[in-house]
Every structure is written in C-alpha cells, then in structure tokens.
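A short write-up of the structure that comes next.
The values are calculated or read from the model by the stated rules, or taken from the named source; none is laboratory data. What you see is a predicted model; the values in this text were computed from it and never measured. Every residue, glycine among them, receives a Cβ derived from its backbone with ideal geometry; neighbour counts consider all protein chains shown.
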Amino acid sequence: MAENRYNFCRLCEIVKDIPEDIGEYADRLYRLLDEDERADSKLIDSRLKICDACEKNVQGTCLACGCYCLVRSFARSQHCPKKKW
C-alpha cells in the first residue's frame, strides 16, 4: 500500500458530502464552533490575505495541510502549517 504523503484536515475527512458552494459549507462549520473558539472577521480577513499570497494556496486549498484556507482561518486556535499566521 502506498504511503500517504499528505496531511488532511480531520474535519474534512469526516464530512463526506461537501456542497458545491464552499461558502455554504464554511458557514455551517463556522456555526458549529464554540463562540469562544470563533475568530472574528478581522482575524479571518488578515489570515486569508496571507493565504492568498502563499505559494501553497491552490484555489483556496492549502497544499501544506490539505485544508480549505477559509475553514482553517475560522478557529482562533488554528495556525498556518507554514507558520505564516
């Protein structure tokens, strides 16, 4: 069996039926977070600006970890796998 060289977001592995509209999916996940764990819009925006300029970001997916950049930016406790935020 070939070794998996990529790390994937555990939450993304759990959710099998991702809607075509990533915004709908992201909104649902954001609402599932405890209020204390939710990043505010200013923090999310600053994180996404960094992700937008990153070479590991391909169409909103982080190739360093396999997560959607938008989804990872939602939780205060999450960090960039490349330590950019």
Select from the stretch 29-85 the residues that are of a type in the set (Val, Ile, Thr) and exposed (fewer than 11 other Cβ atoms within 10 Å of the Cβ) and list them in ascending order. VAL58
Would a scan of the stretch 28-38 turn up a residue that is in contact with a helix residue (DSSP H, G or I) (Cβ under 8 Å, 6 or more places away or on another chain), in a helix (DSSP H, G or I) and at pLDDT below 80? no
Within the stretch 41-85, track down each residue that is assigned to a loop (DSSP other than H, G, I, E, B), touching a residue at least 24 places away in the same chain (Cβ under 8 Å) and basic (Lys, Arg). LYS56, ARG76, LYS82, LYS84
